[in-house]
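Below is one structure, written out as structure tokens; the observations come after it.
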Amino acid sequence: MQKKWWKEAVVYQIYPRSFKDSNGDGIGDIKGITSKLDYLQELGIDVVWLSPVYKSPNDDNGYDISDYRDIMDEFGTMADWEEMLAEMHKRGIKLMMDLVVNHSSDEHAWFVEARKSKDNPYRDYYIWRPGNDGKEPNNWESAFSGSTWEYDEATDEYFLHIFSKKQPDLNWENPKLREEVYDMMKFWLDKGIDGFRMDVINFISKVDGLPSAPNPEGKKYVSGHEYFMNGPRIHEFLHEMNQEVLSNYDIITVGEMPGVTPEQGILYTDEDRNELNMVFQFEHMDLDSGPGGKWNLKPLELADLKKSLSKWQTELEGKGWNSLYLNNHDQPRVVSRFGDDKQYRVESAKMLGTLLHMMQGTPYIYQGEEIGMTNVKFSSIEEYKDIETLNMYKDKVQENGEDPEKVMLSIYTKGRDNARTPVQWDATAHAGFTTGTPWIQVNPNYTEINAQQAVSDENSVFHYYKKLIQLRKQHDIIVYGSYEIILEDHNEIYAYTRTLGDEKLLVITNFSGETPTFTLPEGLSFTQQELLISNYDVNHDEKINKFALKPWEARVYKLA
Ligand code: NOJ
């Protein structure tokens with residue numbers, strides 16, 4: 001396998017609105033990020049993925065961009081951004097910017113022009129269709145509820161928006177639009193950035209004719225995913241982007257790709273095909289959803305998690321490259337989701353970090369994960385800010401009469417605002433995030449869970465993550481070793497090995513508050529063992545052929 005710096009790197013995601021406020025307006029900003037770079041350097045991460053900081057009316061917190069070449073006023077200025085980049089580079093930290101080009105904001109100059117008339121030169125930068133008997137052109141449902149189509153009175157046509165109606169989809173069939181996007185990417189790369197995370201990039205090629213989806217239950221709107229996920233020209237577009245832009249720089253690229261399969265994941269990341277370095281797949285994020293989708297709650301079955309992660313590990317081996325993540329700004333906090341955020345918060349947060357960081361792929365840490373931040377329960381829907389959550393609540397409760405308590409439970413479990421409460425820096429007012437009033441409430445557990453506490457406590461999740469990151473730097477096998485699951489049918493233990501040459505790594509994790517017995521499978525023989533990390537005190541010489549794990553315990557051994 002070819003060695004690459006981005007395979008050896010650990011990425012840390014910053015969601016700027018909630019990271020650190022420097023000027024007391026209650027909104028995180030760029031100077032706030034710069035003020036915390038020493039903290040990130042101490043953690044030891046290599047790359048920051050920065051969620052969007054471009055000009056935006058904030059219908060979807062910056063994922064609706066009105067100027068791709070400028071900074072949002074609330075976050076600061078271009079000079080602040082340049083200073084931040086220089087300060088990152090000084091500390092050996094690389095910067096990956098968010099590239100959101102499936103759609104723009106409806107306030108982007110291109111769209112303002114496009115909606116003026118049908119023959120405007122920018123009309124074809126977006127996707128317009130006449131109505132269908134006075135109704136929407138097709139039956140697709142928006143990711144944020146309702147139709148994917150919005151009627152534009154001035155020109156008597158509808159425009160497509162897979163996300164909110166303030167996020168019109170860009171028309172990638174138009175070569176002029178593609179050139180504009182590539183130019184804009186060069187603008188940022190020439191400023192010295194080190195890569196892109198590409199927002200829903202596998203949505204940019206739509207099936208010709210945009211047909212309605214089958215609708216056997218006669219719903220008002222249904223998912224149109226099959227007509228725009230991994231669409232007909234997607235590989236052509238990404239290859240073109242690679243040749244025009246990416247291949248001219250030594251950078252890291254990751255494509256966010258809902259609905260991607262391992263087979264497609266290989267096509268996107270096979271180094272000989274020259275598209276992207278890696279993709280964010282979603283299979284493991286869907287395992288605790290029922291047939292009704294994200295809000296249809298279902299407990300996670302460990303067997304499903306093992307099957308899914310193992311499939312990605314083995315299928316991409318030697319053919320593509322995985323990105324590894326357990327949460328981000330769109331997902332609930334992993335310790336609340338897959339661990340125990342009460343009695344065993346610290347232990348289970350460490351166990352989950354171990355499971356992920358010992359796999360093959362590039363690991364991503366989401367802000368606050370490194371101190372074991374948890375989900376939040378606001379007392380009323382009024383406290384929530386996320387457009388997906390608010391639209392869903394309105395649709396289900398106000399328009400369809402569903403039980404508000406049940407809907408609130410699904411928001412507590414899955415809502416995106418779980419990840420968007422401010423980073424808890426210390427135990428002072430508003431967790432030290434702001435001296436003003438935070439744009440979204442701080443999680444009330446900040447007096448106990450905060451970065452200051454974690455940095456000063458050597459048994460904290462923070463110090464454990466620091467060690468996980470260091471181990472990756474010290475042992476090639478953690479980066480390049482091949483993965484094999486063991487004890488596949490165990491109900492509580494998730495264990496696997498990594499192999500590189502004649503080295504072996506043994507990773508054992510307990511996904512329960514119980515004390516299951518680990519039994520070393522026959523055939524895994526060795527004469528020497530070295531304990532690399534554990535979330536409990538372990539006797540280094542203890543025989544590991546058979547032993548009882550403690551609640552949420554994790555151990556990693558190097559065997560020889
Ligand atoms: C994925 C982003 O991660 C999410 O936050 C956003 O709402 C959608 N794409 C639309 O840009």
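Hey, quick one: spin label on Ser212, modelled 7 Å out along Cα-Cβ, who in region 140-159 has an amide N within reach, i.e. under 13 Å?
Counting backbone N atoms under 13 Å from the label point, the list is 140-141.
Work out the length of the dipole vector of the chain about its Cα centre, built from +1 on the beta-carbon of each Lys and Arg and -1 on the beta-carbon of each Asp and Glu, and round it to the nearest 20 debye.
Taking the Cα centre of the chain as origin, the dipole is about 1000 debye.
Can you sort Arg555, Arg69 by solvent-accessible area, 1.4 Å probe, largest first?
Largest accessible area first, the residues go Arg69, Arg555.
Can you figure out the FRET efficiency of Lys176 with Ala548, using R₀ = 60 Å and their beta-carbon distance, to the nearest 0.05?
0.40
Kindly sort Thr261, Thr269, Thr527, Thr428 by accessible area of their heavy atoms, largest first, with the probe set to 1.4 Å.
Thr527, Thr428, Thr261, Thr269
Rank these by accessible area, largest first, 1.4 Å probe: Tyr151, Tyr122, Tyr54, Tyr39.
Tyr151, Tyr122, Tyr39, Tyr54
What nm distance separates the two modelled labels at Lys191 and Asp395, each placed 7 Å from Cα along Cα→Cβ?
3.4 nm
Residues of region 183-296: accessible area per residue at 1.4 Å, in Å²?
40 Å²
Grab the Cα-Cα distance for Asn120 and Thr314, subtract it from 0.36 nm times how many residues apart they are, and report the gain in nm with one decimal.
Length gained, Asn120 through Thr314: 64.8 nm.
For the residue pair Lys220 and Gln470, what label-to-label distance in nm results when each label sits 7 Å from Cα along the Cα-to-beta-carbon direction?
In this crude spin-label approximation the distance works out to 5.7 nm.
Just how much of Arg123 is accessible, in Å², when a 1.4 Å probe is used and the result is rounded to the nearest 10?
Estimated to the nearest 10 Å², Arg123 gives 20 Å².
What is the extension gain from Asp25 to Glu484, computed as 0.36 nm multiplied by their sequence separation minus the C-alpha to C-alpha distance, in nm to one decimal?
160.3 nm
Not counting ligands, DNA or RNA, and with a 1.4 Å probe, what is Glu514's accessible surface area in Å² rounded to the nearest 10?
110 Å²
Taking only protein heavy atoms into account and a 1.4 Å probe, give the accessible area per residue of region 298-405 in Å².
Value for region 298-405: 36 Å² per residue.
For region 481-560 and region 300-320, compute the distance between their C-alpha centroids and round to whole Å.
18 Å
Starting from the Cα gyration tensor of region 339-497, take the square roots of the eigenvalues, sort them a ≥ b ≥ c, and report rounded, prolate or oblate (rounded when a/c is under 1.5, otherwise prolate if a/b is larger than b/c, else oblate).
Here region 339-497 falls in the oblate category.
Starting from the Cα-Cα distance between Thr428 and Ala109, subtract it from 0.36 nm times their residue separation and give me the gain in nm to one decimal.
Length difference between fully extended and current span is 110.6 nm.
When the accessible area of region 179-301 is computed with all protein chains present and a 1.4 Å probe, what percentage of it is carbon and sulfur?
48 percent
Could you provide, to the nearest whole Å², the per residue accessible area of region 416-495 with probe 1.4 Å?
So region 416-495 comes to 41 Å² accessible per residue, rounded to a whole number.
The values are calculated or read from the model by the stated rules, or taken from the named source; none is laboratory data. Treat the numbers as computed from the prediction; the structure is a model and nothing was measured. Every residue, glycine as well, gets a Cβ built from its backbone with ideal geometry; the counts of neighbours run over all protein chains shown. The area values use the complete protein model at the heavy-atom level, side chains included, leaving out ligands, DNA and RNA. Shrake-Rupley method; radii C 1.70, N 1.55, O 1.52, S 1.80 Å.
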